[in-house]
Each structure stands twice: as structure tokens, then as C-alpha cells.
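Working notes, beginning with the structure itself.
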Amino acid sequence: MTTVTAAKLRTIPSLSGTSPVLDLTRLPADPVTFFYEWLDGALASQVAEPLAITLATVDADGAPNARTLIVKDIDDRGWAFAGPRESAKGIELASHPAAALNFWWQPLVRAIRVRGPVVEASRADSEADFALRSAAARRDLDSRDWVLWRLQAERVEFWQGSPDRQHIRIIYRFIDGVWSLS
Ligand SMILES: Cc1cc2nc3c(=O)[nH]c(=O)nc-3n(C[C@H](O)[C@H](O)[C@H](O)COP(=O)(O)O)c2cc1C
């Protein structure tokens, strides 16, 4: 017997929390630098598992699929995540190499959205990621079946909610090899 019913869903708070002060006049020129600034804030505020993402891909018929993963690495080469080549995401990325990924950090009321094409990392990088997994996590898996992918961001949105609904949305777009802000 549960206490929550469908009728009660609307009474559960959303966008609760407090956003840090954001100086819009001092935004970094690229989203990776800005991400690390926000990650510093998330760690200082003890956000639980700030590297957990929702990763969305599409299958060969264009049907979407989303799942929770951990981001492994973020730099100019892309936003890296890993998994078995024969997983649904591996099969979907092989037929349609593009994805979107989201972070949601509470109680900072901050979300980050990233989308773009996905490339497979070098075999050495995939093997290095596999080697970092615990012995238990490596069990029953062959390192050759393990793939590190990098989402090469074309658009990154930093969103900060506000109780008065004056939400802030900062969008970086990669156009002709240069990041621009809007
Ligand atoms: C917090 C969390 C972290 C996860 N990290 C990974 C990961 O790094 N790689 C992975 O393949 N699956 C990870 N999973 C499992 C995935 O959510 C998913 O079940 C699995 O990847 C299969 O997805 P797919 O069949 O769509 O490929 C994680 C799940 C959770 C809840």
C-alpha cells in the first residue's frame, strides 16, 4: 500500500533549492571551462553523484532511448562515457552516432544539457577506462568489448532555475570551429 497516489503528484515540490549567484558578465569563452566552474560549486554543495547523467540515443528506426550513466572525462575532445559495445547504446550509436546528455544538480537548481555527434575513443583510451573499473565491475566482461565514446558537443545549455520563474538559460553553440554564447 503506497501513500502517494497519482492525485498527489502535483503536491510534490519541484525546483526546490537555492541557486548560487551567477555573474552573467563573466562567462567563460567555452562550455568546458564553465562546466568545471559549476562542478566546483556542485562538489562544494555536496551534490550527490554530480557525474551521473541521462544519456539519450536513437535506434535505427529513430526511436529514442534514455538511460543513466556516469561521465568519465570532459575536455576539448568531448564528454566521455563508456559501456559494452553490444549494449543498446552501443548498437544505437553504431547506427546513429549522435546523442544528448543531461545533468540535474540539486539543491542548486542547476541543469546542463549537451548534444552533438559521438565518436569512439581510441582503443588505448577504452582499455584505460576499462582498467579503472573495479575487479567486480570487470567480471564477465572482455576489455575488447568495452568502449569509451566521446560526445563532441555542438550545443551546451546551462540552466539555472529561480523560484520567481525567471530561469536563466545560457547556451553555447559551436559554429565554424568557434564557441559563441546566446
Ligand atoms: C548511477 C548509474 C550509473 C551507471 N553507469 C553506467 C556506465 O557508466 N556504463 C554503463 O554501460 N551502464 C551504466 N549504468 C547502467 C545503465 O543505466 C543501463 O542500465 C545500461 O547501460 C544499459 O543501457 P542500454 O541497454 O540502454 O545500453 C549506470 C546506472 C546507474 C543508475
query = Once you charge only the Cβ atoms, +1 for Lys and Arg and -1 for Asp and Glu, what is the size of the charge dipole of the chain about its Cα centre, to the nearest 20 debye?
reply = 580 debye
Likely footprinting exposure, 86, 127, fewest C-beta neighbours within 10 Å first = 86, 127
inquiry  = Could you compute the net charge surrounding residue 42? Neighbours are other residues with a C-beta less than 15 Å from the C-beta of residue 42; K and R count +1, D and E count -1.
reply    = -2
task = Would you mind putting 48-55, 153-160 in packing order, based on average other-beta-carbon counts within 10 Å, highest first?
result = 153-160, 48-55
remark   = Out of 161, 17, 62, a Gaussian network model of the chain with alpha-carbon springs under 10 Å gives the largest mean-square fluctuation to 62
query = Can you tell which of 130, 53, 7 lies farthest toward the positive end of the dipole of the chain, using +1 and -1 charges on the Cβ of basic and acidic side chains (Lys, Arg; Asp, Glu)?
reply = 7
key: For the range 108-154 and the range 5-59, distance of Cα centres in Å   = 21 Å
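Just so you know, all these numbers are worked out from the coordinates, no wet-lab data involved. These figures come from a predicted structure and were not determined experimentally. Cβ atoms come from the backbone with ideal geometry, glycine included; neighbour counts cover every protein chain shown.
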